[in-house]
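Participant: Once you've had a glance at the structure underneath, I'll fire off some questions.
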Amino acid sequence: MTQTTILWPLLALAAWTSLVLLLIPVVRIRAGLKGEIRPDDFKYGESAQVPPHVSLPNRNYMNLLELPMLFYVVGLMLYVTNGQTPITQTLAWAYVGLRIAHSMVHLSYNHVIHRLVVFAASNLVLVILWMLAAQHVLSLP
């Protein structure tokens, strides 16, 4: 394992986020062609007239820009301080997997309890990563 391997999960989550971003215009264009939405429905964000199945990819994308920012920061902190370990690497990949699982539940059958369990698990992994990073930084000379 090299110092840069901690960056791979960060790149993977960024790639996943980009795929979800690409889903937004696909769903919107499809809904527009079916007459389910109009351009003015997005004049000030998403209006109440936008059907849930059309707004869902955008909401998931926003989720991928919120708490995962702390994941990117902790990953970069571990990289810069050479604090990567096999445990942090495994946790970083677990976080990515859980965030992808969260998106898959959210964007498919959207069972709230299933989504909550995966979301909570990803947050627990993120907290542990931060605790390990803090322990490492505090041990530096």
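Participant: Being in a helix (DSSP H, G or I) and under 14 Å from His106 (Cβ atoms), is that true of even one residue in segment 25-32? It would help to see each step written out before you state the result.
Facilitator: Narrowing segment 25-32 to residues in a helix (DSSP H, G or I): 25-32.
Filter once more, keeping what is under 14 Å from His106 (Cβ atoms): 27.
Yes, that holds for at least one residue.
Participant: While we're here: Checking the structure you have, find out if any residue of segment 107-121 is of a type in the set (Lys, Arg), in contact with a helix residue (DSSP H, G or I) (Cβ under 9 Å, 6 or more places away or on another chain), crowded, with 18+ Cβ neighbours inside 10 Å and in a helix (DSSP H, G or I). Please lay out each step first, then the result.
Facilitator: Here is the first cut: in segment 107-121, the residues of a type in the set (Lys, Arg) are 115.
Remaining after also requiring in contact with a helix residue (DSSP H, G or I) (Cβ under 9 Å, 6 or more places away or on another chain): 115.
From what's left, crowded, with 18+ Cβ neighbours inside 10 Å: 115.
Still in the list and also in a helix (DSSP H, G or I): 115.
Yes; the residues of segment 107-121 include at least one that is of a type in the set (Lys, Arg), in contact with a helix residue (DSSP H, G or I) (Cβ under 9 Å, 6 or more places away or on another chain), crowded, with 18+ Cβ neighbours inside 10 Å and in a helix (DSSP H, G or I).
Participant: Test of understanding: among Val50, Val54, Val27, Val80, which residue is surrounded by fewer than 14 Cβ atoms within 10 Å (Cβ to Cβ) and at negative phi?
Facilitator: The unique qualifying residue is Val80.
Participant: Need pairs with beta-carbon distance below 8 Å; first residue within 16 Å of Asn58 (Cα to Cα) and modelled with pLDDT of 95 or more and within segment 104-120, second assigned to a helix (DSSP H, G or I) and among the polar types (S, T, N, Q); sequence gap 6+ or separate chains.
Facilitator: So the pair list comes out as His106/Asn60; His106/Asn63; Leu107/Asn60.
Participant: Another question, if that's okay. Anything in segment 34-50 that is part of a loop (DSSP other than H, G, I, E, B) and either touching a Phe, Trp or Tyr at 6+ places or on another chain (Cβ under 9 Å) or over 30 Å from Val96 (Cβ atoms) (or both)? List them, or say none.
Facilitator: Lys34, Gly35, Glu36, Ile37, Arg38, Lys43, Tyr44, Ser47, Ala48, Gln49, Val50, listed by residue number.
Participant: Quick one: Thr4 ticks every box in (1) of a type in the set (Val, Ile, Thr); (2) modelled with pLDDT of 95 or more; (3) closer than 30 Å to Pro141 by Cα bar one, so which box is it?
Facilitator: (2)
Participant: Follow-up. Consider Ile87 carefully, then state whether it is under 24 Å from Leu132 (Cβ atoms) and exposed (fewer than 14 other Cβ atoms within 10 Å of the Cβ).
Facilitator: Values: under 24 Å from Leu132 (Cβ atoms): yes; exposed (fewer than 14 other Cβ atoms within 10 Å of the Cβ): yes.
Considered against the rule, which asks whether it is under 24 Å from Leu132 (Cβ atoms) and exposed (fewer than 14 other Cβ atoms within 10 Å of the Cβ), Ile87 comes out as yes.
The values are calculated or read from the model by the stated rules, or taken from the named source; none is laboratory data. Please read these numbers as outputs of a predicted model, since none were measured by experiment. No Cβ is skipped: glycine too gets one built from the backbone with ideal geometry, and neighbour counts run over all protein chains shown.
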